[in-house]
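Engineer: Structure in structure tokens, see below.
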Amino acid sequence: MKAATETKSDRGLSDAAVFAKTGKHWEEWFALLDKAGAKKMNHSAIAAHLHDDLGCPGWWSQMVTVGYERERGLRVKHQTATGFTVNGSKTVGVPLATLWRAWTDAKKRAKWLRDPGFVVRKQTAERSMRITWVDGETNVDVLFTAKGAAKSQVNVEHAKLADIKAVERMKKYWGDNLDSLQKLLEG
């Protein structure tokens with residue numbers, strides 16, 4: 001059995017965190033799932049078995065399922081039920097309203113984002129945007145958070161990517177573009 005001090009891994013969470021919240025270590029959950037035949041189950045069935053039959057708490061049954069799928073080669077890092085997902089974030093030294101305008105004003109956006117012509121499906125001022133990306137197939141969720149009067153953060157999640165190569169490409173893309181956003185705003 002792994003030590004309770006194990007650090008975060010491709011399983012997503014440390015063994016200590018899983019034990020603290022579920023009462024079992026990773027290896028104990030893996031053994032129970034192997035015994036139940038989880039390698040042949042889909043994600044929903046594994047999570048339901050964990051929750052309904054093995055007493056794993058709700059959110060944690062999802063996390064243990066993902067950890068199990070990664071450990072058993074059923075899922076790779078960044079993979080979800082709808083494809084692959086990549087995240088990026090940037091904290092900038094400007095008020096939230098300034099950061100928000102850099103995303104919502106098309107002229108400002110064109111100064112820092114290489115592909116500014118996306119479609120906003122839904123937005124909540126200075127809080128969030130749901131975007132259909134320029135490829136018309138993938139989604140981008142953007143969250144905005146004030147970090148004080150003159151500091152704010154943007155978090156980007158780009159979902160429904162086709163494969164791990166797309167993840168690598170978009171991770172670099174968002175890193176570069178968020179760096180450009182920071183340079184523009186902080187001048």
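No lab work stands behind these numbers, since they all come straight from the coordinates. Since the structure is predicted, the reported quantities are computational estimates derived from the model, not experimental observations. FYI the Cβ positions are ideal-geometry reconstructions off the backbone, even for glycines, and counts take in every protein chain you see.
Engineer: Multiplying the sequence separation of residue 114 and residue 76 by 0.36 nm and subtracting their Cα-Cα distance, what value in nm do you get?
Structural biologist: 10.8 nm
Engineer: To continue, here is another question. Apply the a/c threshold of 1.5 to the C-alpha gyration tensor of region 147-187 and tell me whether it is rounded, prolate or oblate.
Structural biologist: In terms of gyration-tensor shape, oblate.
Engineer: Can you give me the distance in nm between label points at residue 149 and residue 127, each placed 7 Å from the Cα along the Cα-to-Cβ direction?
Structural biologist: In this crude spin-label approximation the distance works out to 2.5 nm.
Engineer: Relative contact order (percent) for the chain, with alpha-carbon contacts under 8 angstrom and 6 or more residues of separation? Please list the in-between numbers first.
Structural biologist: Numbers: 285 pairs, mean separation 36.9, N = 187.
Once normalised by length, the contact order is 20 percent.
Engineer: Counting only C-alpha contacts under 8 Å and six or more residues apart, can you give the relative contact order of region 15-71 as a whole percent? Don't skip to the answer; put the middle values down first.
Structural biologist: Working: 36 pairs, mean separation 18.9, N = 57.
Answer for region 15-71 is 33 percent.
Engineer: Kindly point out which whole DSSP H helices in the chain project their C-alpha atoms 27 angstrom or further along the helix axis while averaging a Kyte-Doolittle hydropathy of -1.0 or above.
Structural biologist: Result, helices passing both filters: 164-186.
Engineer: Further question on the same structure: With N set to the residue count of region 7-85, report its C-alpha Rg divided by 2.2 N^0.38 Å to two decimal places. Spell out each step's value before the answer.
Structural biologist: Working: Rg = 11.4 Å, N = 79, 2.2 N^0.38 = 11.6 Å.
Relative to the rule-of-thumb radius for its length, region 7-85 sits at 0.99.
Engineer: If you don't mind, another one. Ratio of the chain's C-alpha Rg to 2.2 N^0.38 Å, to two decimals? Please list the in-between numbers first.
Structural biologist: Numbers: Rg = 19.7 Å, N = 187, 2.2 N^0.38 = 16.1 Å.
It is 1.23.
Engineer: Less than 19 Å apart at the alpha-carbon level, and either on another chain or at least 8 residues along: which lysines does that give for residue 160?
Structural biologist: Cross-link targets: 77, 122, 171, 172.
Engineer: Starting from the Cα gyration tensor of region 120-173, multiply each eigenvalue by 5, take the square root, and state the resulting semi-axes largest first in whole Å.
Structural biologist: 24, 15, 6
Engineer: Same structure, new question: Just report the Cα centroid separation between region 131-183 and region 34-98, whole Å.
Structural biologist: The distance from the Cα centre of region 131-183 to that of region 34-98 comes to 20 Å.
Engineer: For region 80-186, what does the alpha-carbon gyration tensor say about shape, rounded, prolate or oblate, given a ≥ b ≥ c as the root eigenvalues, a/c under 1.5 as rounded, and a/b over b/c as prolate?
Structural biologist: prolate
Engineer: Can you order the peptides 34-45, 84-95 by their average number of other Cβ atoms within 10 Å per residue, highest first?
Structural biologist: 84-95, 34-45
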